[in-house]
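So the structure is just underneath, and the comments pick up after that.
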């Protein structure tokens with residue numbers, strides 16, 4: 001199932017967090033590419049099998065949910081904060 005995403009997200013870019021290195025950024029960019037293309041299964045597979053925990057934790061909770069992940073209580077709090085910080089326009 002292809003669910004092509006528009007690139008006009010209300011959220012800021014999350015593919016280059018300051019606390020990760022360029023190799024980690026590449027991994028996040030691959031996950032984001034799959035996500036933007038609507039290929040959630042490939043995004044989740046890359047996150048789960050080709051990425052470290054640090055990389056998975058850098059994926060925004062709303063994206064994590066959409067690609068098929070589940071949120072911990074910390075993830076739910078991060079999602080609440082994200083939605084409050086970037087309300088819909």
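Before moving on, here are some points about what is shown:
- Projected area, mean over directions - the chain, Cα convex hull, nm²: 5.8
- Percent of Cα pairs exceeding the 12 Å cut-off, where the set is region 43-89: 63
Just so you know, all these numbers are worked out from the coordinates, no wet-lab data involved. Please read all numbers here as calculations on a predicted model, not as lab measurements.
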